[in-house]
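A.B. asks: Pasting in a structure now, in structure tokens, and then I'll have a few things to ask.
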């Protein structure tokens, strides 16, 4: 089969190419196999696909390589070796699905969360907050925004769609355009079956440059004032008593000062 494919592509003046076999069987939430795919792939493009119902190979490229795909599918169907190989993988998929289903049903991976701010260029809502949630399993997750503790958006927040990472975990993101003022706190809350309570991440606009300078100046003045106060108290405590002063019980002045 590969010889035929190489000759066909060589006749068209093709250069270097890569051919590989890919098979997969997506699983339902209960662990059962939803289907079976067995494909001959050329340069990452499906060329010939296996039809489990008909137990035969069919071309699945209807572009420039349609004639090649038809010829390869016909060659695969002439013998039984490739059909038997595809059916063996199909049975293995069905047999292994149950074990993976039990493992997947019991597995729990808690999410991680992070808020990334960026500028929008919009004067009414100059900041775009993106809440990234990743590393969780199963894929159902609910993400909501809060401003100063109050929920933003509609009261009903159904689980949102998540994207697989390829390592049996998922990720998603939710954005929010805001016009923050000093003192605001925006919170991204992720609710997941692996968590006893929602996972929270806070973000605030921080202080403006002018207000930051004022706070710094006030802090320096307060530190200086506290330093002068401590020095004054120390000098007051160590100074000698006035002439004729009679020490009271508890005074620590040396006897020679009386």
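A.B. asks: Of the residues in the range 146-169, how many are over 20 Å from residue 107 (Cβ atoms) and touching a residue at least 24 places away in the same chain (Cβ under 8 Å)?
C.D. replies: Residues that pass the stated criteria total 5.
A.B. asks: Just to be sure before I move on: is residue 194 touching a strand residue (DSSP E or B) at 6+ places or on another chain (Cβ under 7 Å), surrounded by 14 or more Cβ atoms within 10 Å (Cβ to Cβ), in a loop (DSSP other than H, G, I, E, B) and not assigned by TED's automatic domain parsing to the domain that holds residue 25 in the structure I sent?
C.D. replies: Yes, satisfied.
A.B. asks: Just one of (1) surrounded by 15 or more Cβ atoms within 10 Å (Cβ to Cβ); (2) within 19 Å of residue 92 (Cα to Cα); (3) at pLDDT below 80 trips up residue 1, so point out which.
C.D. replies: Of (1) surrounded by 15 or more Cβ atoms within 10 Å (Cβ to Cβ); (2) within 19 Å of residue 92 (Cα to Cα); (3) at pLDDT below 80, only one is false for residue 1: (2).
A.B. asks: Could you tell me whether any residue of the range 41-64 is in a loop (DSSP other than H, G, I, E, B), surrounded by fewer than 18 Cβ atoms within 10 Å (Cβ to Cβ) and under 29 Å from the mean Cα position of the chain (by Cα)?
C.D. replies: Checked the range 41-64: at least one residue is in a loop (DSSP other than H, G, I, E, B), surrounded by fewer than 18 Cβ atoms within 10 Å (Cβ to Cβ) and under 29 Å from the mean Cα position of the chain (by Cα).
A.B. asks: I'd like to know if the range 32-51 contains one or more residues that are closer than 22 Å to residue 164 by Cα and in contact (Cβ under 8 Å) with a residue 60 or more places away in the chain.
C.D. replies: Checked against the condition, which is being closer than 22 Å to residue 164 by Cα and in contact (Cβ under 8 Å) with a residue 60 or more places away in the chain, the range 32-51 yields at least one hit.
A.B. asks: Does residue 199 satisfy the condition of being at pLDDT 90 or above, surrounded by 14 or more Cβ atoms within 10 Å (Cβ to Cβ) and either under 21 Å from residue 118 (Cα atoms) or not assigned by TED's automatic domain parsing to the domain that holds residue 126 (or both)?
C.D. replies: For residue 199, the condition - at pLDDT 90 or above, surrounded by 14 or more Cβ atoms within 10 Å (Cβ to Cβ) and either under 21 Å from residue 118 (Cα atoms) or not assigned by TED's automatic domain parsing to the domain that holds residue 126 (or both) - is not met.
The values are calculated or read from the model by the stated rules, or taken from the named source; none is laboratory data. Predicted model only: the values in this text are computed from it and were never measured. Positions of Cβ are generated from backbone atoms using ideal geometry, with glycine treated the same way; all protein chains shown enter the neighbour counts.
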